[in-house]
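All of the numbers you see were taken from the coordinates with simple rules; none came from a lab. From a predicted model like this one, the values you see are computed outputs, not experimental measurements. Heads up, the Cβs are rebuilt from the backbone with ideal geometry, glycines too, and the neighbour counts pull from every protein chain shown.
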Amino acid sequence: MKKKLAHIVAETSTTKRKPSSRTIHAVMRALARAVGDLAAPAVEKISQESRDDPFEVLVATMLSAQTRDAVTATASERLFRIARTPESLAKLTEKEIVRLIYPVSFYRAKARHLKATSREIVERHGGRVPRDMAELLALPGVGRKTANLVLILSFKSRRNICVDTHVHRIANRLGWVTTRTPAETEEALYRTIAKRWWPVINRYLVAWGQNVCRPVYPRCDRCVVRAYCRRVGLKR
């Protein structure tokens with residue numbers, strides 16, 4: 001076991017080489033155990049509470065963009081008390097939606113997108129959230145992160161990877177990818193990690209990024225995957 005670990009650690013210290021599947025497997029197994037003691041991301045909680053309802057997952061993910069989890073959770077709760085379906089949300093005015101979702105980031109733009117998306121789901125999709133990537137991306141305010149998370153959580157897709165800022169940052173910090181944007185990271189991860197990890201990488205890295213592998217002053221001394229991390233971009 002010690003020889004195996006030494007081999008993996010030696011590999012991670014070589015910045016010119018991409019990590020092997022064995023290294024990635026070790027990291028993901030370690031994170032799977034560690035995140036069990038951490039609070040689940042807000043959208044994951046909402047998904048569990050709503051029994052993976054596609055519309056609630058879609059709305060919560062749209063609200064979560066550049067917004068702290070606590071704010072996302074309370075805004076989603078207020079909104080869902082009034083409107084839990086595309087039909088009921090489409091009937092609200094933008095001002096009413098703003099009042100319910102404030103203070104999420106970009107609340108005016110999100111209110112506009114939520115109303116327009118709800119209307120399109122009713123008028124073009126029979127009141128059901130589409131389960132096709134292209135159709136999801138055609139909805140106002142829906143990007144790849146949101147579409148991927150809806151497909152993974154609500155439709156149990158095993159063919160998608162959801163990349164947000166945490167996944168983008170940590171994948172680069174670990175040395176798994178060398179990318180500039182979340183979209184580039186998503187594309188690179190499809191080539192880098194085994195399919196078994198695609199549906200869960202967002203859950204693991206978001207929870208780890210919120211609590212340990214923070215953007216500034218990461219808690220490396222508490223990190224269970226420190227031995228495998230190349231610490232790319234860290235100056236200390």
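Are any of the pairs Lys95/Lys156; Lys18/Lys195; Lys45/Lys110; Lys45/Lys145; Lys91/Lys156; Lys45/Lys156 more than 25 Å apart by Cα-Cα distance, and if so, which? Spell out each step's value before the answer.
Details: Lys95/Lys156 34 Å; Lys18/Lys195 17 Å; Lys45/Lys110 21 Å; Lys45/Lys145 17 Å; Lys91/Lys156 30 Å; Lys45/Lys156 16 Å.
Listed pairs above 25 Å: Lys95/Lys156; Lys91/Lys156.
Can you tell me the length gained on complete extension of the stretch Val232 to Tyr217, counting 0.36 nm per residue apart and subtracting the Cα distance?
On the way: separation 15, 0.36 × 15 = 5.40 nm, distance 1.36 nm.
The Val232-Tyr217 span can extend by a further 4.0 nm.
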In whole angstrom, and with the biggest value first, how far do the Cα coordinates of the range 130-217 range along each principal axis?
39, 27, 22
Pair Phe155, Thr181: separation of 7 Å Cα→Cβ label points (nm):
2.3 nm
Tell me the angle of helix 165-174 to the major Cα principal axis of the chain, expressed in degrees between 0 and 90 and rounded to the nearest ten.
10 degrees
Cα centroid separation - the range 162-202 against the range 36-57, whole Å
21 Å
How long are the semi-axes of the equivalent ellipsoid of the chain, defined as square roots of 5 times the Cα gyration tensor eigenvalues? Whole Å, largest first.
36, 18, 15
Can you tell me the orientation of helix 2-12 relative to the chain, as the angle in degrees between its alpha-carbon axis and the longest Cα principal axis, to the nearest 10?
70 degrees
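At 0.36 nm per residue, minus the direct Cα-Cα distance, what do Asp52 and His125 gain on full extension? Give it in nm, one decimal, please.
Details: separation 73, 0.36 × 73 = 26.28 nm, distance 1.86 nm.
Length gained between Asp52 and His125: 24.4 nm.
What Kirkwood hydrodynamic radius, in Å, does the range 26-90 give when the mean of 1/r is taken over all pairs of distinct Cα atoms and then inverted? Mind showing how you got there, number by number?
On the way: mean 1/r = 0.0779 Å⁻¹.
Across the range 26-90, the inverse of the average 1/r is 12.8 Å.
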